[in-house]
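The values are calculated or read from the model by the stated rules, or taken from the named source; none is laboratory data. The structure displayed is predicted, hence computed values, not measured ones. So basically every Cβ, Gly included, is an ideal-geometry build from the backbone, and we count neighbours across all protein chains shown. Please note that ligands, DNA and RNA were not included when accessible areas were found on the heavy atoms of the full protein model with its side chains. Shrake-Rupley method; radii C 1.70, N 1.55, O 1.52, S 1.80 Å.
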Amino acid sequence: MEVPRPANEAARLLDVADLEAFDRVTDDLLGAFIRVAADLVGVPICGVSLVGEHRQFFKALKGLEPGSLPRDSSFCAHAILNPQEVMVVSDLRADPRFSTNALVMGDPNLRFYAGAPLLGSRGNAVGTLCVLDRQPRSLTPQLVARLQDLARGASAALSLRHAIGEVHRAARTDPLTGLLNRAGMKEVLAREGPRDLCVLMIDLDGFKPINDTYGHAGGDKALVEVARRLTEAVREGDWVARPGGDEFVVLARGLADRQAALALAERIHAGLADTFVLNGSLVPLRASIGLAVGRREEAAALMERADAAVYEAKRAGRSVTRAAEDIPAPASIGRTALEQRLCRAFEPGGQVPFHLVFQPIVDIATRAAHGAEALLRWHGEAGPVLSLSELLPVVESLGYSGALDRWVLAEACRLMAADGAPFPISINISASTFGMPGFDTAVAAALRTHGLEGDRLRIEMTERSLVGDPVAALGNVEGLARIGVRVALDDFGGGHGTLARLRGFPFSAIKIDRGLVMNCAGDAQGTALLEAVVSMARALSVPLVAEGVEEAEQLMLLARLGVDAAQGFLLSEAAPWDGLAAAGQAAGARAHGILGSAGRRAAG
């Protein structure tokens with residue numbers, strides 16, 4: 001006979017699913033409850049059962065062999081229909097619901113049943129704490145109440161164990177994608193026995209533009225889609241993790257063959273290449289992959305090698321795979337290793353692994369260097385020299401932009417105070433620092449500490465500084481002007497801002513974005529675009545500086561358009577501090593050789 005289903009069956013089954021996978025602690029706990037119940041009622045058989053969609057199965061049982069049976073043959077399937085009551089059947093053979101039941105008619109010849117429903121974390125009846133006997137019997141109201149108390153206790157214990165399990169799961173699972181997080185990945189590696197292992201580090205290419213264009217909600221949709229595609233691409237039994245951001249990891253167990261690992265990476269590339277539509281627009285999903293193969297006991301080393309390999313894939317042009325064994329040792333540094341080194345560097349007492357070099361800025365009219373820009377360089381610990389495009393995103397993600405800005409300010413002031421600069425020095429300050437109130441006060445304090453006048457220092461800020469808190473940015477510009485520090489707007493024309501936003505800022509110079517300078521010569525469209533940007537900047541009535549000048553034709557065009565100053569490899573590479581004066585003289589001579597002695601407006 002089919003047993004009726006509760007009205008809340010769908011929600012009830014979710015509660016059952018939460019409790020299906022018990023651990024040893026839970027099993028022992030349930031065993032204690034059934035022993036107490038059996039002694040309390042004085043019966044030989046007692047159990048805790050869960051009623052699933054089609055079957056009843058015991059999670060703890062005393063007096064019978066454990067197993068499961070069809071739901072429609074289960075006494076407990078009837079008991080859960082009234083979650084707040086204990087179902088007592090004094091004689092199963094006399095009850096028409098159970099009189100023909102095989103458990104009553106044959107072995108084990110059951111005659112008595114009482115079941116107190118157990119409630120799951122959502123309040124639904126998931127099963128029972130039940131007592132049974134081979135003889136008919138009855139229960140006093142007091143025993144029924146005590147049996148219900150035990151069921152409540154067992155329900156609370158199950159809910160607590162489930163909650164603990166959920167906390168543990170949440171601690172090792174990425175909440176956005178449902179994949180393992182960094183802690184979960186480490187747990188898997190620690191739990192696995194010795195075996196072959198392939199680690200694939202996967203770093204999305206071009207994820208920042210997705211976030212910028214579609215916002216964080218769109219970026220989250222893209223990450224969820226990548227997680228789904230990765231899960232489909234890997235083999236059964238492999239683990240997929242998202243340690244953070246737009247980085248993913250695949251742990252391919254039992255795989256140490258290079259060709260098989262490369263084939264898995266190709267499946268991942270192919271899976272990501274399928275069309276992805278976000279808010280009605282086609283969005284490319286691409287990734288750089290680094291892989292390393294070895295033994296599980298070498299997991300930490302494998303992770304580091306794969307991390308270095310994915311960094312090499314980024315440098316190689318992106319959307320490609322690089323194997324760790326193909327990377328020369330001196331180039332082997334990945335993001336994780338870089339993060340660790342930067343964290344050590346910015347700890348109290350840490351040694352910042354940066355130094356400054358200086359590129360002269362040449363006045364086009366006088367053909368003489370009248371300033372220099374301090375540029376940041378970093379050397380790894382017996383490793384490669386990394387570019388700013390690799391370094392700064394990591395510094396920013398770790399929250400060290402402010403600390404690095406303070407170091408640059410202090411170092412530039414120290415050098416100028418120790419050995420007077422031949423001309424003012426410009427330093428670059430991040431948008432996050434410049435957009436914070438009080439930066440002008442910090443600069444004033446650094447100048448006082450080193451005994452410098454404000455006119456010896458210039459600061460370059462980008463248009464991004466105006467996006468977060470324009471009031472604070474304007475306050476800093478005005479405060480710096482009061483102590484004689486000039487502020488230049490960097491990367492103008494790069495597409496971040498508008499003239500309306502820039503009005504009212506007392507800039508001492510505007511630096512034209514290097515991307516515009518690179519394409520200006522020999523390209524009619526590039527020339528026209530540069531002319532338009534020069535006209536826009538002229539509307540602000542401040543001097544113009546072009547950076548990234550690498551060809552003589554570019555310098556001559558800049559002179560013809562009336563740009564005031566230039567810098568770039570054409571004139572001088574960045575020089576160490578003790579070579580700055582000579583580099584400035586050489587840059588002026590180089591400009592004179594290209595432009596001649598005529599005034600800039602006559603050039604060309």
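Each helix, a run of at least 4 DSSP H residues, gives -39500 (n - 2.57); summed and divided by the residues of the chain, these come to -13500 deg cm²/dmol at 222 nm.
Entry comment: accessible area of region 194-327 is 44 Å² per residue, from protein heavy atoms only and a probe of 1.4 Å. Annotation: HIS216 carries an accessible surface of approximately 140 Å², with a 1.4 Å probe and no ligand, DNA or RNA atoms counted. Take every DSSP beta bridge whose two residues both sit in the chain; close to 75 percent of them are antiparallel.
The label point for ASP578 and the one for LEU474, both projected 7 Å from the Cα toward the Cβ, are 4.7 nm apart. When the trypsin sites (Lys or Arg not before Pro) in region 27-113 are filtered for DSSP coil states and for at most 14 other beta-carbon atoms within 10 Å of their beta-carbon, the remaining sites are ARG97. Between the listed residues LEU92, ALA345, ALA163, the Cα displaced farthest toward the positive end of the dipole of the chain, a dipole computed from Cβ unit charges relative to the Cα centre, is found at LEU92. Of the GluC sites (Glu not before Pro) found in region 1-56, those in coil by DSSP whose Cβ has at most 16 other Cβ atoms within 10 Å are GLU2, GLU20, GLU53. Restriction of the GluC sites (Glu not before Pro) in region 528-582 to DSSP coil positions whose beta-carbon has at most 16 other beta-carbons within 10 angstrom yields GLU550, GLU573.
Listed by chain and number, the aspartates and glutamates whose alpha-carbon sits under 16 Å from that of LYS221, ignoring those within fewer than 8 places in the same chain, are ASP174, ASP205, ASP212, ASP246, GLU247, ASP274. Assign one of three labels to region 29-154, namely rounded, prolate or oblate, based on the Cα gyration tensor with a ≥ b ≥ c the square roots of its eigenvalues; rounded applies when a/c is under 1.5, prolate when it is not and a/b is larger than b/c, and oblate otherwise. Rounded, because the longest to shortest axis ratio a/c is under 1.5. Here the chain has 53 percent of its accessible surface on carbon and sulfur atoms, given a 1.4 Å probe and all protein chains in place.
With all protein chains kept in place, the per residue accessible area of region 22-138 amounts to 44 square angstrom at a probe of 1.4 angstrom.
If only the Cβ of Lys and Arg carry +1 and only the Cβ of Asp and Glu carry -1, the dipole of the chain around its Cα centre is close to 800 debye.
The angle between the Cα long axis of helix 335-346 and the longest principal axis of the Cα atoms of the chain comes to about 70 degrees, rounded to the nearest 10. Shape analysis of the chain places it in the prolate category; the axes a ≥ b ≥ c from the Cα gyration tensor give an a/c of at least 1.5, with a/b above b/c. In the complete set of protein chains, residue-level accessible area for LYS314 is approximately 40 Å², probe 1.4 angstrom.
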